[in-house]
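What follows draws every value from the coordinates through simple rules; no lab data is involved. Keep in mind the model is a prediction, meaning the values are calculated, not measured. Glycine also receives a Cβ, built like all others from the backbone with ideal geometry; neighbour counts cover every protein chain displayed.
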Amino acid sequence: MDRDQGAIQGAREYARLVQQLAPKPNVARLTARAFLVGGTICFLGQFVFDYFRFRQPTEGEAIAATLATMILLGVALTALGVYDDVGQLGGMGAAVPITGFANAMAAAAMDFRREGFVLGMAAKMFIIAGPVIVFGILAGTVTGLVAWLVGSGP
Amino acid sequence: MAAIAQRLGQYTVQLGQPPRIVGALTLMAPREAAGPMGQYFDAVVDDDMWGEVSAERAERKFLEQAARRAMDQAGLLEPDVDVFLAGDLLNQIVSSTFTARSLGLPYLGIFAACATSSLGLGLAAILVDGGYARRVLVATASHYQSVERQYRYPIELNIQRKQTNQWTATGGAAAVVAPPDQGSGPRITHITFGRVVDWGVTDANDMGSAMAPAACDTLLRHFQDTNTTPGDYDLILTGDLASVGSKLFRTLVERAGVTLGGKHMDGGASMYGQAPWAGAGASGSVCSMAMLLGYVHKEMAQGRYRRVLALPTGCLHSPTTWQQGDSCPGISHAIVLEAG
């Protein structure tokens, strides 16, 4: 018992030392870079949307075409080995837009290609993106349920 | 009468007729060769995938080629080697196993993560000194892509690396250990096998902090058992604590009342210099092996170092234990290398 408490005490003290000596990330610079990278991707998305808005009959179809284009862009940059560098530069600025989601699928699919199409690529392509889909559906369901209960649903 | 091995203190072995490293070979990828340690490597491969279809196969090729070339360098063929000792970072140490399959030698697979180098060289020295083997081949390898895949994320994923992250070195390194009359390389005189030390670091992206207490523990035990001080060594080489872990290591050692002076150097902090993409520095089981067989071995041959205390460190977590919230246990095995 004493030994355990000694170990817990030691771990706490060591955690303090680790924190004290750890390099401090430059939050302002990282935030600025995330803003610029994320902003650039969204600006590009807006540009693509405006292009399709003139060529598609409805706004819904323009949105669909925009999403497909941005996903294609994310996958292409992943395949070319560029998107991980964009991620290193922009952090969440590169991860949050749909190009980041495309990268998460494509990077995993590429990595596990050698383990076969079925048990490798197809199964493992969701290891990073899977939780986004699961919790996205869950959040949508709960929101829909609440909307229905308070009677403001469709 | 020939000297026989004996135990010093509680944890240290002093070898009777210290075996020598009679063949040493480092075979590294371009990124490692471009760093400040590049001049000490024996061979460099142009492409880290080495024409293979997977990173796992490339890692295996680095290990096997390093092992074969180390035998060549020592002027030996497979029948001259009694035991093959090898370890790596992949699950079931497959790179070592597949190399052993191809070499056809009696094989002892070992695992100490990035401390495989000193565990392997230490065990080899014991086997040779005890007369249980005449020549032992020791090898390890690691590959950035195969290790990243297994321990962290897909290679091309947009993850921002932290400043505490370490970059797994790509390459293979191997040595032949033999009785002292069979060559002129450095002798392995003392071994202090380490205990598993875990001070509760749960961040697998900060392995330097997780391993620093293990390096300190083995260092202090080694000094106590051998009744030596940093002054008795020309170099104290840890690794791969990298820059973050090194700082912690020096603080812990100082708090224990030992002054390292300018003797301390860390393999992980040295491999890539201050390259920002590497985060805190290098890691990977080949890193400390390449530092020992490249840097230390060659500087000893030049007469710069006569006595080196090496403390390679390993982080013994698995991706499963880390995801389940367990902390990262560290280990460090010490060996003493002497020139002449």
Checklist line | Label-point gap, in nm, between residue A:16 and residue B:203 - each point 7 angstrom along Cα→Cβ | finding: 1.8
Notebook entry, point to check: Which order results if B:216, B:287 are arranged by neighbouring Cβ count within 10 Å, fewest first?
Noted result: B:216, B:287
Next item on the list: Restricting things to alpha carbons, find the Rg to Rh ratio for segment B:184-338 using the Kirkwood radius for Rh.
Entry: 0.96
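Can you flag which of A:24/B:247; B:263/B:298; B:61/B:263 are past 26 Å Cα-Cα?
Values: A:24/B:247 14 Å; B:263/B:298 18 Å; B:61/B:263 35 Å.
In this structure, B:61/B:263 lie more than 26 Å apart at Cα.
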Check: What is the antiparallel percent of DSSP beta bridges lying wholly in the protein assembly as shown, to the nearest 5?
Finding: 65
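Considering only DSSP beta bridges whose two residues both sit in chain B, what percent are antiparallel, to the nearest 5? Walk me through the numbers on the way to the answer.
On the way: 36 of 57 bridges.
DSSP beta bridges in chain B are roughly 65 percent antiparallel.
Per-residue Cβ counts within 10 Å, from other chains only, averaged over A:103-116: what number is that?
Mean partner shielding for this stretch: 4.
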Notebook entry, point to check: Where in segment B:120-142 is the amide nitrogen less than 16 Å from a point lying 7 Å along the Cα-to-Cβ axis of residue B:80?
Noted result: B:134-138
Next item on the list: For the protein assembly as shown, count the residues as N, evaluate 2.2 N^0.38 Å, and divide the Cα radius of gyration by that value, please.
Entry: 1.11
Next item on the list: Before anything else, pin down the relative contact order of chain B: Cα pairs under 8 Å, at least 6 apart, normalised by residue count, whole percent.
Entry: 24
Margin query: Helix-only estimate, please: 222 nm mean residue ellipticity of the protein assembly as shown, summing -39500 (n - 2.57) across DSSP H runs of length 4 or more and dividing by its residues, to the nearest 500.
Written below: -14500 deg cm²/dmol
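Select from segment B:84-189 those chymotrypsin sites (Phe, Trp or Tyr not before Pro) which occupy a DSSP coil region and have at most 11 other Cβ atoms within 10 Å, ordered by residue number.
Taking segment B:84-189 and a limit of 11 other Cβ atoms within 10 Å, the loop chymotrypsin sites (Phe, Trp or Tyr not before Pro) found are B:132.
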Notebook entry, point to check: For B:135, B:152, what ranking results if the residue with the fewest other Cβ atoms within 10 Å of its Cβ goes first?
Noted result: B:152, B:135
